[in-house]
Amino acid sequence: MDSRFTTLALYALGAGAVTTSLVKLKTRLALSKAKHRSLSGHSRMARRVAALVPFYEYDERRFFRVDDPPEEIAARREAAFAGLSALYRERYAKSAAMTDEIRDCISDLQFTDAYRVPFQFSRYVRKRLKAGTFMQSSSGVTVTDLDGNRFYDLTGSYGVNVFGNDFYKECIERGAERVRDLGPVLGTYHPTITYNVGRLRQISGLDEVSFHMSGTEAVMQAVRLARYHTRRSHLVRFCGAYHGWWGDVQPGVGNPLPARETYTLNDMSEDALRVLSKRRDIACVLVNPLQALHPNANAPGDSSLVDSSRDGHFDREAYAEWLRRLRSVCTKRGIVLIFDEVFVGFRIAMGGAQEYFGVRADMVTYGKTLGGGLPVGVLCGRKDLMRRFREDRPVDICFARGTFNSHPYVMGAMHEFLQRLETPELRRLYDGLDELWNARTEQLNERLRSEGLPVQVANLSSIWTVLYTQPSRYNWMLQFYLRAEGLLLSWVGTGRLIFSLNYTQADFDAVVDRFVAAVRAMQQDGWWLADPAATNKSIRRSLLREMLAHRFSSSGA
Ligand SMILES: Cc1ncc(COP(=O)(O)O)c(C=O)c1O
């Protein structure tokens, strides 16, 4: 009897263990299914692959011939490159010389300098196309370098510049006047903060505000609070989305450690919604609405422009529907929905992505432009989520500080920024904003099409990305042609062109003329080879072969 009972108990235990394992396996499989199939969707794998890619570079001959062009084309490229190099040397001499002086002492610059083009071309380009990184002044929609060259500013100062550089100069100057008597006294507040808090509550539709020094920190704080209040461990981000450089939101290449409490899910996917509706360890979901322009793809930099497969297409209604569904799952499951509007806030609508897509979040992060030209990060959230301690557990707190939080000068400039937003002049800027920028996109695309040039652009309002319609290894060269035409891009190159909203139609027409001239010149110089056999796939395959050959020749040596 006893032994029968023991056997039965063992069977029951065994069956229980098998069921638990099966449930775990099912949950694990559901998670795998909810990842995007690209490497960016698999952070650990991406880091492993990145660690295997060997450095190698093309010699001078190969530099111009990686796609095996006819010799006449290769010679045309060589002559064009030499011409461009001479023009850069002469035109940007002072800026380039000063950059050379400090290059070895500023690590940030070393990084941005090296990562402008695919690494196989990088050293050769860096030596011969030196434009320098120094600027002297800005005015209207232009900036002027140390040599007196004026550029149309398409950098958007990483997204900060929504209303034009002069606007921010004024915010900083007037803001400084506002707080001058108090000066940089920290730890207490300047009265100007009350206006900012009131306006931010109105704009975000949320109860409380906390101030930080960067967008990265605002995101860190949002996630920390979500974990604290839900008592759950994991954050969900979507594949490709940038949320700053804090480790937990940057689980892939670039972070030496794996982010163990982060799930990176497939954007705009049923499988992701299924995971959210089943798992019990998810504290929050982070959404960067800029991803609507290229769901599941990383911020498009020219250093990864190895072929022409960069994609971009914005469908406002489809993304709004996705956000509505996300909202509904998060509400049902008690998951904190965080909109990270550090980039798009105040750019796509006065009330940011919440207003633009018609979906409310539980927490919203802002930054960049909101500081009126000074560094800032802001978190707005529901009262219950912003609380940093538990009434009934006095020692169980959720800590967050920062020496420069609520700096009077930042608060002064932010006050100016927010006050100006209320003026009819700025309010009018938001009327028909999408129509305006969609029409401008089409204007450029039409010009490019009518000349049969292999380039198009896609946009989310005033944020643009350049697309290449013909498979090529040399698309990254366009950034240098654009600069020669007086168009200034940020270090990521043609993946992100950011317009400030003070571009008049005349300014814009000038940009279109210069852009088309740059693309035309690049085509005439033979960088786009009309080879019907070349596809993006064949380019990637040949690159892979090349990398494998270098990997094995270097490790086998
Ligand atoms: C959506 C988003 N979140 C967070 C950040 C990080 O902000 P910061 O660079 O101020 O730390 C950025 C910066 O580009 C961003 O675009």
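Any read-out appearing in this document is the output of simple, stated calculations on the displayed coordinates, not a laboratory observation. Predicted model only: the values in this text are computed from it and were never measured. Ideal geometry is used to build each Cβ from the backbone, glycine not excepted, and the neighbour counts take in all protein chains shown.
How many percent of all Cα-Cα pairs in region 33-79 sit more than 12 Å apart?
71
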Next item on the list: Report the full-extension gain for the segment residue 158 to residue 107: residue separation times 0.36 nm, less the Cα-Cα distance, to one decimal in nm.
Entry: 16.5 nm
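Counting other C-beta atoms within 10 Å, and keeping those with at most 12, which DSSP coil GluC sites (Glu not before Pro) do you find in region 440-546?
For GluC sites (Glu not before Pro) across region 440-546 that sit outside H, G, I, E and B with at most 12 neighbouring Cβ atoms in 10 Å, the list reads 451.
What's the longest piece of the chain with no exposed chymotrypsin sites (Phe, Trp or Tyr not before Pro), counting a site as exposed if DSSP puts it in a loop and it has at most 10 other beta carbons within 10 Å?
On the way: sites that count: 55, 399.
Between the exposed loop sites, the longest stretch runs 56-398.
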Check: Which loop GluC sites (Glu not before Pro) in region 175-259, with loop taken from DSSP, have no more than 13 other Cβ atoms within 10 angstrom of their Cβ?
Finding: none
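Just in region 393-485: which trypsin sites (Lys or Arg not before Pro) are loop by DSSP and have at most 11 other Cβ atoms within 10 Å? Numbers along the way, then the final one.
Working: sites: 401, 420, 427, 428, 440, 447, 449, 473, 483; in loops: 401, 473.
The qualifying sites are 401.
Sort 65-72, 99-106 for me by packing, meaning the mean count of neighbouring Cβ atoms within 10 Å per residue, highest on top. Please report the intermediate quantities before stating the final value.
On the way: 65-72: 13.8, 99-106: 11.8.
Packing proxy ranking, top to bottom: 65-72, 99-106.
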Check: Using the alpha-carbon centroid of each, what span in Å lies between region 293-356 and region 172-191?
Finding: 35
Checklist line | Volume per residue of the C-alpha convex hull in the chain, rounded to whole Å³ | finding: 202
Next item on the list: Averaging over all projection directions, find the projected area of the Cα convex hull of region 62-144 and quote it in nm² with one decimal place.
Entry: 6.8
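What number comes out for the charge environment of residue 295, summing +1 per Lys or Arg and -1 per Asp or Glu over other residues with Cβ under 12 Å away?
-3
Would you mind giving the three semi-axes, in whole Å and largest first, of the ellipsoid equivalent to region 422-557 according to its Cα gyration tensor? Please list the in-between numbers first.
Details: eigenvalues 256, 62, 36 Å².
Ellipsoid half-lengths, sorted descending, are 36, 18, 13 Å.
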Check: Using θ = phi - 60° and the Karplus form 6.51 cos²θ - 1.76 cosθ + 1.60, what ³J(HN,Hα) does each residue of region 73-88 get, whole Hz, x for Gly and Pro?
Finding: 5, 4, 5, 5, 4, 4, 5, 5, 5, 4, x, 5, 4, 5, 4, 4
Next item on the list: List, in order, the whole-Hz ³J(HN,Hα) value for each residue of region 399-415 obtained from phi through the Karplus relation with A = 6.51, B = -1.76, C = 1.60 and θ = phi - 60°; use x for Gly and Pro.
Entry: 7, 7, 9, x, 3, 8, 3, 6, 4, x, 5, 5, 5, x, 5, 5, 4
Item checked: Cβ-defined net charge surrounding residue 162, 9 Å radius [Lys, Arg +1; Asp, Glu -1] -> +2
Check: In deg cm²/dmol, rounded to 500, what helix-only [θ] at 222 nm does the chain give when every DSSP H run of at least 4 residues adds -39500 (n - 2.57) and the total is split over its residues?
Finding: -15000 deg cm²/dmol
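Restricting to the chain, what percent of DSSP beta bridges are antiparallel, rounded to 5? Provide the component values of the computation, followed by the final result.
On the way: 27 of 43 bridges.
Bridges in the chain that DSSP calls antiparallel: roughly 65 percent.
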Notebook entry, point to check: So, in Å, what gap is there between the alpha-carbon centers of region 427-463 and region 245-277?
Noted result: 32
Margin query: Using amide H atoms built in the peptide plane, which far-off residues or other-chain residues are under 5 Å from residue 389 H to H?
Written below: 398
Item checked: Computed label-point distance, nm, for sites residue 280 and residue 11 using a 7 Å Cα→Cβ extension -> 2.9
